[in-house]
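The values are calculated or read from the model by the stated rules, or taken from the named source; none is laboratory data. Source: prediction; values computed, not measured. We place every Cβ from the backbone using ideal geometry, glycine too, and count neighbours over all the protein chains shown. These accessible areas exclude ligands, DNA and RNA; they are computed on the full protein's heavy atoms, side chains included. Shrake-Rupley method; radii C 1.70, N 1.55, O 1.52, S 1.80 Å.
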Amino acid sequence: MADGAPDFAAALTGRQVPDLAVRLDATCAVTTLRYFSADGAFAAAARAVLGAALPGTQAAVNAAGMLLAWRSPTETLAVGVDAAGLAPRLADAPDGCCIDLTGGMQVLRIAGARSREFLCRLGGTGVVPRAGESRRGRLCDVPVQLIGLPGPAAATETTLVVERVYAPHLLGWIRETLADLN
């Protein structure tokens, strides 16, 4: 790219593997909800805005058109088109805050019958989330949030959230692993 920014999509261009789809999702915003207590005032305000409770330990849920993923005992990631809109809606809630991380994160979607095999090659069996599970792990030696989508299709769909600074490294490994799977 002319401005020196990495061309993330180019890393996946032309890499097709049967029963496996890997794509960047540039439509998603990523917001972190940080709070002192999962049953405190901020969590209650978030529940009112989202229509669902914040996810429990290592859980992921769909709420208000977003994917909510446990990140730590006092942090939840909101991933979705409307995730950036949470900050103003929760600005007055005590005991917590929302921080838009969209500019610093990259979201990838992995889907298909071979997605588990693919993720195992990138990070081992211990990082692959089950349906409705959120876990932090290392893929290609970089930290990644792996989210097994809740619902019936979740067994073969995983959302990855990686810091943008690590995305070129991860995408390089993904490109080579896709080539190896052909």
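Count charges around A63 for me, please; just the other residues with Cβ under 15 Å from its Cβ, Lys/Arg as +1, Asp/Glu as -1.
Taking every Cβ under 15 Å from that of A63, the sum is +1.
Under 12 Å from the Cβ of P129, count the other residues' Cβ atoms, weight Lys and Arg +1, Asp and Glu -1, and hand me the total.
It works out to a net charge of +2.
What percent does the relative contact order of the range 58-166 come to when contacts are Cα pairs within less than 8 Å and at least six residues apart?
Result for the range 58-166 is 26 percent.
Order T159, T74 by their accessible area, 1.4 angstrom probe, all chains in place, largest first.
I get T74, T159, largest accessible area first.
For a test of the definition: using alpha carbon positions, the gyration tensor, and the 1.5 limit on a/c, classify the range 108-182 as rounded, prolate or oblate.
Oblate shape, in that a/c is at least 1.5 and b/c is the bigger or equal ratio.
Once fully extended, how much extra length lies between D95 and D25, figured as 0.36 nm per residue of separation less the alpha-carbon to alpha-carbon distance?
Gain in length upon complete extension: 22.1 nm.
With n ≥ 4 as the cut-off for DSSP H runs, can you work out [θ] at 222 nm for the chain, using -39500 (n - 2.57) per run divided by the number of residues, rounded to the nearest 500?
Helix-only estimate at 222 nm: -6000 deg cm²/dmol.
Once both labels are modelled 7 Å past Cα along the beta-carbon direction, what's the R34-R130 spacing in nm?
For the pair R34/R130, the computed spacing is 3.1 nm.
In vacuum, with every alpha carbon of the chain counted as one equal point scatterer, what does the Debye formula give for log10 I(q)/I(0) at q = 0.08, 0.09, 0.13, 0.19 Å⁻¹? Two decimals, please.
Values, matching the q order: -0.25, -0.32, -0.64, -1.24.
Counting only protein heavy atoms and using a 1.4 Å probe, what share of the accessible area of the chain belongs to carbon plus sulfur, as a whole percent?
C and S fraction of accessible area: 53 percent.
In the range 20-54, which residues have a backbone nitrogen under 13 Å from the label point lying 7 Å from A87's Cα in the Cα-to-Cβ direction?
From the range 20-54, the list is 29-34.
Going by a ≥ b ≥ c, the root eigenvalues of the Cα gyration tensor, does the range 52-99 fall in the rounded group (a/c under 1.5), the prolate group (a/b larger than b/c) or the oblate group?
Oblate, because a/c is 1.5 or more while a/b does not exceed b/c.
Please compute the modelled spin-label separation between V165 and R116, points set 7 Å along Cα→Cβ, answer in nm with one decimal.
3.5 nm
Using a 1.4 Å probe, how large is the accessible area of I99, given in Å² and rounded to the nearest 10?
Per-residue accessible area (I99): approximately 60 Å².
List the relative contact order of the range 112-182 as a percent without decimals, with contacts defined as Cα pairs under 8 Å and 6+ residues apart.
Relative contact order of the range 112-182: 26 percent.
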